[in-house]
Amino acid sequence: MNTTTAINMGEDDDGYCQENLPSSIMTELEAGAFRRLCAHLRDRSDEVQNLDLMTLSGFCRNCLAKWLVVEARGISDKMKSDTLTDEQTQIVHALDALGYDEAAREVYGCGYAEWKKRHAKKATDEQM
C-alpha cells in the first residue's frame with residue numbers, strides 16, 4: 001500500500017511506514033513522536049541548551065515552536081471555506097490565534113521567558 005504522509009520525508013524511496021501504513025496512522029505516529037521529543041527536551045532542559053541543539057542538529061526548541069505556528073497556519077488555510085460548522089470555525093480561529101508564545105509554551109512546557117530564566121546558560125566563547 002503506497003500512502004501519502006503528512007510530512008514528505010523521503011527523497012527517492014518511500015520507507016516501510018509509508019508503504020505499509022495509512023496516512024492517518026502515520027500522522028498519529030508523527031504526532032506521538034513530536035510529543036515525546038518535546039517531553040524529552042523538557043526533561044533535559046538543565047543539560048541540553050538550545051545553542052547545543054542548534055550546533056549539533058540545526059534546530060532547537062524555538063524552531064519546533066515556530067514550526068508549530070507554520071503548521072497551524074497551513075491547517076487553518078486548508079480548513080477555510082464558505083461552509084464551516086461552528087466547531088470548525090472555532091478550530092480555525094484557535095489555529096489562527098496560535099502564535100509563537102503559545103507554541104513555545106507547548107514545546108517548553110512553560111513560557112519561553114520562564115524557561116530561559118530557569119534553564120538558559122550563557123554561551124561560552126567556544127560555542128560562539
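Numerical summary
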| read-out | value |
| --- | --- |
| Enclosed volume per residue, in Å³, of the convex hull spanned by Cα atoms of the range 9-62 | 103 Å³ |
| Estimated vicinal HN-Hα couplings, Hz - the range 14-26 in sequence order (Karplus 6.51, -1.76, 1.60; Gly, Pro = x) | 6, x, 3, 4, 4, 7, 10, 10, x, 4, 5, 6, 4 |
| Percent RCO, i.e. relative contact order, over the chain, from Cα pairs under 8 Å lying at least 6 residues apart | 23 percent |
| Partner lysines for Lys80 [C-alpha distance under 27 Å; skip if fewer than 8 residues away on the same chain] | Lys66 |
| Modelled FRET efficiency - R0 22 Å, Ala97 with Phe59, Cβ distances, 0.05 increments | 0.35 |
| Calculated from backbone phi, Karplus (6.51, -1.76, 1.60) coupling profile of the range 33-41 in Hz, x at Gly/Pro | 5, 5, 4, 5, 4, 4, 4, 4, 5 |
| Pairwise FRET efficiency - Glu126 versus Lys80, Cβ, R0 = 41 Å, nearest 0.05 | 0.30 |
| Cα pair distances exceeding 24 angstrom across the chain, given as percent | 45 percent |
| FRET efficiency, 1/(1 + (r/R0)^6) with R0 30 Å, evaluated for Cys17 and Arg44 via beta carbons | 0.70 |
| Pairwise label distance in nanometres, Ala31 with Trp67, each label 7 Å out on the Cα-Cβ vector | 1.7 nm |
| Peptides 107-114, 120-127, 52-59 ordered by average Cβ neighbours within 10 Å, highest first | 107-114, 52-59, 120-127 |
| J(HN,Hα) series, the range 67-78, from Karplus relation 6.51 cos²θ - 1.76 cosθ + 1.60, nearest Hz, glycine and proline x | 5, 4, 4, 4, 5, 4, 5, x, 5, 4, 4, 5 |
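Here, each number is a calculation from the coordinates, and none is a lab measurement. Everything quoted here is computed from the prediction, not taken from an experiment. Cβ: placed from backbone, ideal geometry, glycine included. Neighbour counts: every protein chain shown.
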